[in-house]
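Q: Please read through the structure below; I'll follow up with questions.
Read-outs: derived from the displayed coordinates by stated rules, not from any lab. What you see is a predicted model, and the numbers here were worked out from it, not measured in a lab. For neighbour counting, all protein chains shown are included, and Cβ atoms are generated from backbone atoms with ideal geometry for every residue, glycine included.
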Amino acid sequence: MTRFSTHDAIVIGAGPAGSSLALTLARCGWAVAILEKSVFPRRKVCGEYISASNVVLLDRLEIGDAWRATAGPEIRRVGFFSGEASVEAPMPHAAHGSSAKDGFGRALGRDHLDFLLLQAARSAGAELFQPYRAVAIERDGDIKSVRIETRDGNAGDTTTTLHAPVIVAAHGSWEPGPLPSQLEKVSRPSDLLGFKAHFTGSSLAPDLMPLLTFPGGYGGMVLADHGRLSVSCCIRHDMLACLRDKHWRGRDGPRHDSHVSAADAVSRHLTASCRGVRDALEGAHLEGLWLAAGPIRPGIRSGYKDDIFRVGNAAGESHPIIAEGISMALQSGWLLASELKDAPRGKAGREAVGRRYETAWRGLFSTRIHVAGGIARIALGPGGPALMRTAVRNVPQALTWGAQLSGKTRRVPGFG
């Protein structure tokens, strides 16, 4: 027996990709449900930088003014910190911003950005289920059923079922689960694990965003909202294991009374490997705890499979080395919403949308994913940081070129 639809679309995940999609569809008259397993506001492992090319999109989503009022300073220089090297070059200007002042990107913490987008989606009419986790998707004719659960204090799990013809996976790629759109996680020594922390009182120049390279990993720093310095990095699993073992053993053999967390090991390795990081954090104070997540799974995936659309990292992700994760999330949500909003209903209509969306997605993002993969392979390879230091010292302009290739000045489709 075919169930009646309770919504036109169900979006699983309320990050930038899911909320921007839900917000756009709701404003077009769609009945949209958003599922989010976490309570907002919450911090995320993320570089938090948003390229200037997204400002026109933020304005179209009607959160541009709020973003401008809260985000950190304009980033006018891109840098490179590795070993004792500190190199800087101009950040390319994006001439197509919403105003003359929108030619450079800025950073806003995910605890603020995600909450801002989700509130806008709710104001547009999207129905929020939070904190709820999707645990199963079943098909019944043209309608899909999504079973969702939440913990209800001492009462245990509360379960309900939603129905819609359109299902969108916006849950990211890091967390495994039972849904067809979630990736299987297999631990490998080469896996990249992500770490992130906020600091106050840093001495990093407010308009500078440096790339960090160090043995076994890479990262970045940027001044975000409220004077917070956002430090994020990725490190190979096998390198992290070596660092923790080295600390535990010490110079005089095993120290059974000593323990170092993964975050402590990464923090010490980062500051020991990059003079620029040491200088920026001298006298700074850690705000909250280090966050960890992963493993990261860079690559291009299917944007439409098993009659489920995918946006954000569920559709594909670049190595974070180019700081384009939020940009890709926002723009993928917008791309899919633009295709869905006026499309014919029914499976044939969804399949046509899926084909157009995948073509548009690859046209917009494939270059930056390949560029990020190439840079990351060099950074993570034997002698990679030293090779990059030599190249950047000799040709600082390479930093500007890299920012351009990563998509920081590329127009969002549909905005002229």
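Q: Hey, what's the per residue convex hull volume over the C-alpha atoms of the range 343-416, in cubic angstrom? Please report the intermediate quantities before stating the final value.
A: Working: hull volume 6.7 nm³, N = 74.
Looking at the range 343-416, the number lands at 91 Å³ per residue.
Q: Another question about this same structure. Can you order the peptides 175-182, 302-309 by their average number of other Cβ atoms within 10 Å per residue, highest first? Display every interim value, and only then the final one.
A: Values: 175-182: 15.9, 302-309: 19.9.
Descending mean neighbour count gives 302-309, 175-182.
Q: Which values, in whole Å and largest first, are the semi-axes of the equivalent ellipsoid of the range 97-212 obtained as the square root of 5 times each eigenvalue of the Cα gyration tensor?
A: Values: eigenvalues 245, 96, 56 Å².
Equivalent ellipsoid of the range 97-212: 35, 22, 17 Å, largest first.
Q: So what are the ³J(HN,Hα) numbers for the range 67-79, from phi and the Karplus equation (6.51, -1.76, 1.60; θ = phi - 60°), rounded to whole Hz, Gly and Pro as x?
A: 5, 4, 6, 10, 4, x, x, 4, 9, 9, 9, 10, x
Q: While we're here: I need the shape label for the range 178-310. Rule: rounded when a/c is under 1.5, else prolate if a/b > b/c, else oblate, with a, b, c from the alpha carbon gyration tensor. It would help to have the intermediate numbers written out before the result.
A: Numbers: a/c = 2.33, a/b = 1.26, b/c = 1.85.
Cα axes put the range 178-310 in the oblate bin.
Q: Still on this structure, please answer the following. Sticking with the crude label model, points 7 Å out along Cα→Cβ, report the distance from residue 93 to residue 289 in nm, one decimal please.
A: 4.5 nm
Q: Amide H of residue 128: which non-local residues (sequence gap of 5 or more, or other chain) have their own amide H closer than 5 Å, using H built in the peptide plane?
A: The list, which skips near neighbours in sequence, is 34.
Q: Further, regarding this structure: Return the sequence-ordered ³J(HN,Hα) values of the range 381-392 in whole Hz as given by the Karplus equation 6.51 cos²θ - 1.76 cosθ + 1.60 applied to θ = phi - 60°, using x for Gly and Pro.
A: x, x, x, x, x, 5, 4, 5, 4, 4, 5, 6
Q: Further, regarding this structure: Using the alpha carbons of the chain, what is the convex hull volume per residue in cubic angstrom, as a whole number?
A: Working: hull volume 61.9 nm³, N = 416.
Each residue corresponds to 149 Å³ of Cα convex hull volume.
Q: Can you divide the C-alpha Rg of the range 1-135 by 2.2 N^0.38 Å and report the result to two decimal places?
A: Working: Rg = 17.9 Å, N = 135, 2.2 N^0.38 = 14.2 Å.
Scaled against compact globular proteins, the figure is 1.26.
Q: Highest first, please rank the peptides 385-392, 12-19 by the mean number of other Cβ atoms sitting within 10 Å of their residues.
A: Working: 385-392: 17.8, 12-19: 29.9.
Descending mean neighbour count gives 12-19, 385-392.
Q: Nearest-5 percent of antiparallel DSSP beta bridges in the chain? Walk me through the intermediate numbers first.
A: Numbers: 52 of 71 bridges.
Antiparallel: roughly 75 percent of the beta bridges in the chain.
Q: Next up: If you average over every viewing direction, what projected area does the convex hull of the Cα atoms of the range 144-222 give, in nm²?
A: Details: hull surface 41.0 nm².
Mean orientational projected area (the range 144-222, Cα hull): 10.2 nm².
Q: Multiplying the sequence separation of residue 387 and residue 175 by 0.36 nm and subtracting their Cα-Cα distance, what value in nm do you get?
A: 72.9 nm
Q: Given all pairs of different Cα atoms, what value in angstroms does the Kirkwood hydrodynamic radius of the range 241-375 take?
A: Numbers: mean 1/r = 0.0542 Å⁻¹.
Hydrodynamic radius (Kirkwood, Cα pairs) of the range 241-375 is 18.5 Å.
Q: Which links in 44/305; 37/408; 37/196 stretch past 25 Å when you go from one Cα to the other?
A: Working: 44/305 27 Å; 37/408 31 Å; 37/196 20 Å.
Among 44/305; 37/408; 37/196, the Cα-Cα distance tops 25 Å for 44/305; 37/408.
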